[in-house]
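What follows is a short report on a single structure.
What follows is calculated from the coordinates using simple rules that are stated; it is not laboratory data. This structure is a prediction, so every number in the text was calculated from the model and none was measured. Counting neighbours? That spans all protein chains shown, and the Cβs are built from the backbone with ideal geometry, glycine included.
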Amino acid sequence: MIELIVLDVDGTLSDGTVYFDAQGVELKGFSVRDGLAIDGWIKLGKKVAILTGRSSSIVEKRARELKIEWVFQGVKDKGAKLRELKAELGLTSEQIAGIGDDLNDLKMFSEVGLSFAPRDCAKSIIQRVDVHLEHNGGKGAVREMIESILEREGLMEEFLALWE
């Protein structure tokens, strides 16, 4: 059973575009559908971690809104950071799924039992993940990943019941 999902941000939780306003303030867009699925995943007693190579106060704010407990920004080696988190949580690779879209996610993929990439990921990533999703990053890819896991593990009805 997957107990932890690990999320990259730029290109997965967001569409990978970074906007700056006239004052230099960074802006990102996040899918509310992804957020609802993350909320449900957590309500099912599952864990979520963010591993991102960039640092942004926007990511911190979004993680707080979604009650994501483990947020690691400015990570240069996502594999090493995930190994630390696995040890802390007492999880095996088979209990972890991850989603990423580019080369800096490859080390993370080597530490998870189930890997996903959005439809618009870097071409070099497609052959290196278990599931190449139909949705683009920031446009429902995380939602699709979560629902895929829930269906595989027979938890979709329990997930849907959270909103009935």
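Can you tell me which of 38-44, 158-164, 125-131 comes out highest on packing, and rank the rest after it, using the mean Cβ neighbours within 10 Å?
On the way: 38-44: 19.0, 158-164: 11.1, 125-131: 15.4.
By packing density, highest mean first, the sequence is 38-44, 125-131, 158-164.
Excluding same-chain residues fewer than 8 positions from K86, which lysines have a Cα within less than 16 Å of its Cα?
Candidates past the 8-residue exclusion: K46, K47, K78, K107.
Could you give the size of the charge dipole of the chain about its Cα centre, using +1 on the Cβ of each K and R and -1 on the Cβ of each D and E, expressed in debye and rounded to the nearest 20?
420 debye
Relative contact order, percent, of the range 53-164 when contacts are C-alpha pairs under 8 Å separated by at least 6 residues? Before the final figure, lay out each step's value.
Values: 136 pairs, mean separation 18.5, N = 112.
In percent, rounded to a whole number, it is 17.
Which one, A122, I2, L36, is farthest towards the positive end of the dipole of the chain when Lys and Arg carry +1 and Asp and Glu -1 on their Cβ?
A122
To the nearest 20 debye, what is the magnitude of the charge dipole of the range 1-73 about its Cα centre, counting +1 on the Cβ of each Lys and Arg and -1 on the Cβ of each Asp and Glu?
Dipole size: approximately 240 debye.
Hey, got a sec? Which GluC sites (Glu not before Pro) in the range 92-139 land in a DSSP loop and have at most 14 other Cβ atoms within 10 Å?
Details: sites: E94, E111, E134; in loops: E111, E134.
Counting only loop positions with at most 14 other Cβ atoms within 10 Å, the GluC sites (Glu not before Pro) in the range 92-139 are E134.
Determine, for each peptide in 25-37, 4-16, 51-63, the mean count of other beta carbons within 10 angstrom over its residues, then list the peptides with the highest first.
On the way: 25-37: 16.1, 4-16: 24.8, 51-63: 17.8.
Sorting 25-37, 4-16, 51-63 by mean packing, highest first, produces 4-16, 51-63, 25-37.
Which of the peptides 69-77, 139-147 is most tightly packed, and how do the rest follow, going by the mean number of other Cβ atoms within 10 Å of each residue?
Working: 69-77: 14.2, 139-147: 23.0.
Peptide ranking by packing, descending: 139-147, 69-77.
How much mean residue ellipticity at 222 nm does the chain get from its helices, if each DSSP H run of length 4 or more adds -39500 (n - 2.57) and you divide by all residues, to the nearest 500 deg cm²/dmol?
That comes out to -10000 deg cm²/dmol.
Taking every eigenvalue of the Cα gyration tensor of the chain, multiplying by 5 and rooting it, what semi-axes result, largest first, whole Å?
22, 19, 16
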